[in-house]
Amino acid sequence: MAYFKIFRRMDYPLNPVIYLKIIFGLLYVRWSHIRRSSRLRFSPPNLVLLLTSRCNKDCAFCHYEGELNPDQWQKDEMNLSQFTQILEASSAPKVGRICFYGGEPLMNRDLFLMLAEAKKRKFFTSIITNGLMIEKYYRELQQAPLDLMTLSYYPEDLEKIERGLPLLGNSTVINLSFIVSQNRIKQLDEVFAFAEKHSIAMVTIENIRENQASNEKTLYREDLNLKELKDKYQSRYGKNILIRWSDFNSKPKSAAKIQCPDFWDTVLVNNKGQTSPCCQYPLGDYSGDLTQTNLSINSSELVELRENMRQNIIPPKCQGCHYLYAKDPLYS
């Protein structure tokens with residue numbers, strides 16, 4: 001019901017045929033994940049596009065740490081022509097969500113042309129941004145209009161973000177995203193106070209994925225009373241804010257069942273039409289060409305990864321991910 005209320009606030013076409021196709025796609029993907037099917041018959045209605053390898057922040061805990069802002073960043077920049085070619089590909093979804101991703105997608109000069117094309121094709125549009133460029137592009141964001149903005153919460157950037165947010169008005173639903181760790185869990189009170197102050201519709205709490213460049217450590221269920229923590233914020237803020245918790249892992253056990261749905265529910269594509277199994281895989285792992293084959297959703301790599309998941313075998317590049325044994329809040 002909470003998701004439905006938020007969905008009603010978005011400027012999305014009231015076309016029952018589109019809704020039915022999206023619902024069917026989501027149910028099919030969910031069923032395929034439950035059954036651990038190694039092959040998909042239909043493309044999931046969730047297209048994530050890597051628009052750029054540039055970013056205007058340098059977060060040590062980023063899962064792309066060390067890969068962003070390369071000298072030859074131009075070769076990674078998606079343009080309108082490439083975007084249109086991807087949408088025309090036979091294995092690209094024709095309804096559902098398009099998420100503009102990076103890097104920082106607001107650094108891509110063709111972003112708003114791509115947004116307009118996506119809206120023309122009746123896609124639900126979203127963006128993941130650190131918010132530092134909202135003030136610069138608020139008029140374009142209002143005119144798009146963007147359906148959903150996932151805004152990352154960084155305490156060091158609040159002054160600049162607070163100048164930009166009010167300029168958006170009610171044109172876009174905001175999802176405030178916060179990455180927690182053993183250190184950052186202490187900032188939750190500030191996160192929810194910020195969300196309440198700015199009438200933000202949704203807050204998503206995600207667990208950190210450790211890397212060698214950061215001293216931030218993953219939180220496990222054993223590290224805190226998770227139910228008490230959830231109840232605290234739900235009681236205080238849940239009436240006006242949809243709170244999504246990316247479930248915390250228990251410390252790994254050999255018999256635990258892998259829960260991650262990403263190999264089934266997302267098509268992740270870069271400007272060359274290459275696909276990746278997951279947004280947390282290295283940028284160098286994109287391969288193939290979605291625009292040249294209808295097999296991208298059933299590539300040999302994806303089929304093998306799904307088969308590994310079915311047998312409860314952890315793929316090497318999934319080691320340490322917070323979604324391995326935790327349920328995505330959308331499916332909880």
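The values are calculated or read from the model by the stated rules, or taken from the named source; none is laboratory data. The structure presented is a predicted model; accordingly, all values stated were derived computationally and were not measured. In this analysis, Cβ positions are derived from the backbone assuming ideal geometry, glycine residues included, and neighbour counts consider all displayed protein chains.
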Legend entry - Filter pass, T129 being in contact with a Pro (Cβ under 9 Å, 6 or more places away or on another chain), touching a residue at least 12 places away in the same chain (Cβ under 8 Å) and of a type in the set (S, T, Y): yes
Inset, instruction - Sort out which residues of segment 42-91 are touching a helix residue (DSSP H, G or I) at 6+ places or on another chain (Cβ under 6 Å) and within 12 Å of G273 (Cα to Cα), and write them in order of number. - result: L51, F83, S91
Legend entry - Test for S32: is it of a type in the set (S, T, Y), modelled with pLDDT of 90 or more and outside any helix (DSSP H, G or I): no
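Kindly provide the set of residues from segment 159-184 that are over 26 Å from L115 (Cα atoms) and touching a residue at least 24 places away in the same chain (Cβ under 8 Å), ordered by number.
Matches in segment 159-184: I179, V180, S181, Q182, N183, R184.
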Legend entry - Residues located in segment 177-196, provided they are aliphatic (A, V, I, L, M) and closer than 21 Å to K217 by Cα: I179, V180, I185, L188, V191
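From the residues in segment 218-234 that are modelled with pLDDT under 85 and among the polar types (S, T, N, Q), which one is surrounded by the most Cβ atoms within 10 Å (Cβ to Cβ)?
Filtering first and then ranking leaves T218.
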Legend entry - Candidate set from segment 317-332 (those that are modelled with pLDDT of 65 or more and of a type in the set (G, A, S)); member that is nearest to N211 (Cα to Cα): G320
Inset, instruction - Within segment 109-123, work out how many residues are of a type in the set (D, E, K, R) and outside any helix (DSSP H, G or I). - result: 4
Legend entry - Count of residues meeting criterion [charged (D, E, K, R) and in contact with a Phe, Trp or Tyr (Cβ under 7 Å, 6 or more places away or on another chain)] in segment 139-159: 2
Inset, instruction - Restricting attention to segment 85-108, report how many residues are modelled with pLDDT under 95, part of a loop (DSSP other than H, G, I, E, B) and under 24 Å from C62 (Cβ atoms). - result: 2
Legend entry - Single match in Q82, Q74 (criterion: more than 28 Å from N298 (Cβ to Cβ), over 17 Å from the mean Cα position of the chain (by Cα) and in a helix (DSSP H, G or I)): Q74
Inset, instruction - Looking only at segment 213-236, decide whether some residue is touching a Pro at 6+ places or on another chain (Cβ under 7 Å), over 22 Å from E104 (Cα atoms), in a helix (DSSP H, G or I) and not aliphatic (A, V, I, L, M). - result: no
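Every residue in segment 35-47 that is in a loop (DSSP other than H, G, I, E, B) and either touching a residue at least 60 places away in the same chain (Cβ under 8 Å) or of a type in the set (F, W, Y) (or both), please.
Initial filter on segment 35-47 (in a loop (DSSP other than H, G, I, E, B)): 36-45.
Listed by number, the residues that qualify are R36, S37, S38, R39, L40, F42, S43, P44.
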Inset, instruction - Read through the list (1) modelled with pLDDT under 85; (2) surrounded by fewer than 18 Cβ atoms within 10 Å (Cβ to Cβ); (3) in a loop (DSSP other than H, G, I, E, B), then give the number of the only condition that I314 fails. - result: (1)
Legend entry - Restricting segment 262-279 to residues that are within 16 Å of R41 (Cα to Cα) and touching a helix residue (DSSP H, G or I) at 6+ places or on another chain (Cβ under 6 Å), the residue that is surrounded by the fewest Cβ atoms within 10 Å (Cβ to Cβ): D265
Legend entry - Residue pairs meeting the criteria (Cβ under 7 Å; at least 6 apart or on separate chains; first closer than 25 Å to Q74 by Cα, in segment 255-282; second among the β-branched types (V, I, T) and at pLDDT below 85): V267/I297; G273/T291
Legend entry - Matching residues, segment 165-200, being hydroxyl-bearing (S, T, Y) and either touching a strand residue (DSSP E or B) at 6+ places or on another chain (Cβ under 9 Å) or crowded, with 19+ Cβ neighbours inside 10 Å (or both): T172, S177, S181, S199
Legend entry - Extreme residue, nearest to the chain's Cα centre (by Cα), among residues of segment 264-310 that are in a loop (DSSP other than H, G, I, E, B) and hydroxyl-bearing (S, T, Y): T266
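Yes/no per residue for (1) among the aliphatic types (A, V, I, L, M); (2) under 30 Å from I161 (Cβ atoms); (3) surrounded by 14 or more Cβ atoms within 10 Å (Cβ to Cβ):
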| residue | (1), (2), (3) |
| --- | --- |
| L20 | yes, no, no |
| S43 | no, no, yes |
| C59 | no, yes, yes |
| W73 | no, yes, yes |
| K94 | no, no, yes |
